[in-house]
Amino acid sequence: MPPSDAPRREQLLNAADRVVQREGPGASMNAIAAEAGITKPILYRHFGDRNGLIRALTERHTSGLLTAVRAALSEPLERRDRVEHVLDTYLAGIEARPQVYRLLTHPEPGDPSGVGNALAPALRQIAEEITRAVQSQVDLGADRELLAEAWGRGITGMVLAAGDWWLESRPCSRTRMVQALADLLWGRLAAAADLPTAALPAPAQDPASS
């Protein structure tokens, strides 16, 4: 993409964000083009097709979510406070743009491309970040590597499912939801000691930013 096209592309993504937030995951290219004040062929010229537009939205939102989670994991907080901070960071991220989140996680009927599962790669990266944080900070004994891997993926899956339900049903405040999830995680985490030389390694390079 020529550098001169980048600002225009950002404007079009801003327009797509607004339409998706208003109309939900089924927002049409016609509506997005109208919001941007352009014709649909111009929109296609920038993104190829609707799947290309969704991929661009995915890169924008998952990159921001990953950055926020990484920052939360590295905050110099007590362990329980860090757990709650990471949970709150994720829930705040999906709460800020619920319709965009639904677009990225729920495939539309008859969607053969699977673009509705666009958040999956970012979730795998979040699981890896949690795994690394547990490995580097928590003393889990001889099974440290196995437990860290299992916890990283288990925590991510739990928070994805619980966050999806919470966003749809709104049974309680975000603060209360954070506390409920932290309580579930806290048993073994509370019992384990800190590693004597606990230090978080530098985060892995995000492929989307390279």
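The values are calculated or read from the model by the stated rules, or taken from the named source; none is laboratory data. What you see is a predicted model, and the numbers here were worked out from it, not measured in a lab. So basically every Cβ, Gly included, is an ideal-geometry build from the backbone, and we count neighbours across all protein chains shown. The area values use the complete protein model at the heavy-atom level, side chains included, leaving out ligands, DNA and RNA. Shrake-Rupley method; radii C 1.70, N 1.55, O 1.52, S 1.80 Å.
Can you send over the carbon and sulfur percentage of the accessible area for the chain, probe radius 1.4 Å, protein chains only?
Carbon-and-sulfur percentage of accessible area, whole number: 54.
Return one whole number: the accessible area per residue of the chain in Å², for a 1.4 Å probe.
Value for the chain: 52 Å² per residue.
Treating the angle as unsigned and between 0 and 90°, give the value, to the nearest 10°, between the Cα long axis of helix 174-191 and the longest Cα principal axis of the chain.
Approximately 40 degrees, to the nearest 10.
Which FRET efficiency, nearest 0.05, do Ala68 and Gln21 yield, Cβ-Cβ r, R0 22 Å?
0.70
For Leu195, list long-range residues whose amide hydrogen, built 1.01 Å from N in the peptide plane, is under 5 Å from its own amide hydrogen.
Counting only residues 5 or more places away or on other chains, the set is Val138, Asp139.
Out of these labelled values of Rg/Rh (Cα atoms, Kirkwood Rh), [x] 1.06; [y] 1.03; [z] 1.22, which was calculated from the coordinates shown here?
Matching the structure shown: [y].
For Asp164 and Ala180, compute 0.36 nm times the residue count separating them, minus their Cα-Cα distance, and round to one decimal in nm.
4.3 nm
Can you give the angle from 0 to 90° between the axis of helix 144-169 and the longest principal axis of the chain, with both taken from C-alpha atoms, to the nearest 10?
For 144-169 against the chain, the angle is about 50 degrees.
Which value, in debye to the nearest 20, describes the size of the charge dipole of the chain about its Cα centre when Lys and Arg Cβ atoms bear +1, Asp and Glu Cβ atoms bear -1, and nothing else is charged?
Charge dipole, the chain, about its Cα centre: 520 debye, nearest 20.
Nearest 20 debye, what's the magnitude of the dipole of the range 25-68 about its Cα centre given +1 on Lys and Arg Cβ and -1 on Asp and Glu Cβ?
Charge dipole of the range 25-68: 80 debye, to the nearest 20.
If the elastic network links every pair of Cα atoms under 10 Å, which of Gln11, Gln179, Gln137 fluctuates the most in the Gaussian network model of the chain?
Maximum fluctuation in the GNM of the chain, among the listed residues, is at Gln11.
Relative to the longest principal axis of the chain, what angle (0 to 90°, nearest 10) does the C-alpha long axis of helix 50-73 take?
With both axes taken from Cα atoms, the answer is about 30 degrees.
So what is the relative contact order for the range 8-149, in percent, with contacts set as C-alpha pairs under 8 Å and at least six apart?
23 percent
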